[in-house]
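See below for the structure under consideration.
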Amino acid sequence: MVRAQLSAGLRPGEVVALRPEHVNFNSGRIDVREWKGAKDRVVFVGKRLVEDLQNWMERRPESEWLFPTSKGTKVDTSHLRRSVKRYAREAGLEELDRISPHTLRHTFATKLYRETGSIRRVQKALGHSDLSTTMIYTHVVDEELEADMKGLWE
């Protein structure tokens, strides 16, 4: 569940609302259905996550949800928050109070922006209707550029 959020940049509510039929295991396409603003969108994930999801499908509890509780009911987003905190603690990360599921979404967006250099692609992947909402992810790259340029001749 946590890896799916990080790999696809999904909101917590989108992760827990996923159903097996939303995932195309051949193409890595995930259909994110009617979440924020009642807008559907499509995201794509890599082979590693697809394999993890296929393995999960073989052992998950019977349910309409991709990531159900052990009883087959829908997981609450608070469970996802607790899982992210637990994994961060186990990884020895500092400032645990600043780490949340949104941190994973932010990490995804920053990595996608670094890889593509396209704020429009990040906007589409995150499902933002307003580009100004997406622009926050450019500051990290701008800070890196500043440091690189200042150190160029030192």
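Computed over protein heavy atoms with a 1.4 Å probe, the accessible surface of the chain works out to 64 Å² per residue.
Counting protein heavy atoms only, the chain has 51 percent of its accessible area on carbon and sulfur, 1.4 angstrom probe. Of the trypsin sites (Lys or Arg not before Pro) found in the stretch 45-80, the ones in coil according to DSSP and having at most 15 other Cβ atoms within 10 Å of their Cβ are K71.
If I take R0 = 22 Å and measure r between the Cβ atoms of M149 and R29 in this structure, what FRET efficiency does the formula 1/(1 + (r/R0)^6) give, to the nearest 0.05? With a Förster radius of 22 Å, E is 0.05. Here the stretch 88-134 is treated as a sphere whose radius is the Kirkwood value from Cα pairs; by Stokes-Einstein at 20 °C and 1.002 mPa s it diffuses with a coefficient of 181 µm²/s. Shown is the FRET efficiency for D52 and T138, computed with R0 = 41 Å from the Cβ-Cβ distance and rounded to the nearest 0.05: 0.85. Measure up K47/K150; K47/K74; K47/K124 against 30 Å on the Cα-Cα distance and list the ones that go over. In this structure, K47/K150 lie more than 30 Å apart at Cα.
In this label model, F44 and R59 are separated by 3.0 nm, measuring between points 7 Å along each Cα→Cβ vector.
The gain in end-to-end length when the H106 to E94 segment is fully stretched comes to 2.6 nm, 0.36 nm per residue minus the alpha carbon separation.
A P(r) calculated from all alpha carbon pairs of the chain, with 10 Å bins opening at zero, reads 10, 35, 35, 15, 4, 1, 0 percent. Ordered from largest to smallest accessible area (heavy atoms of protein chains, 1.4 Å probe), the residues E58, E90, E95, E14 come out as E58, E90, E95, E14.
Electrostatic tally near V50: other residues with Cβ closer than 13 Å to its Cβ, Lys and Arg +1, Asp and Glu -1, net +2.
The values are calculated or read from the model by the stated rules, or taken from the named source; none is laboratory data. Here the structure is a predicted model, which means the values were calculated and not measured. Please note: Cβ atoms are built from the backbone with ideal geometry, for glycine as well, and neighbour counts cover all protein chains shown. All accessible areas refer to the heavy atoms of the entire protein, side chains included, with ligands and DNA or RNA removed. Shrake-Rupley method; radii C 1.70, N 1.55, O 1.52, S 1.80 Å.
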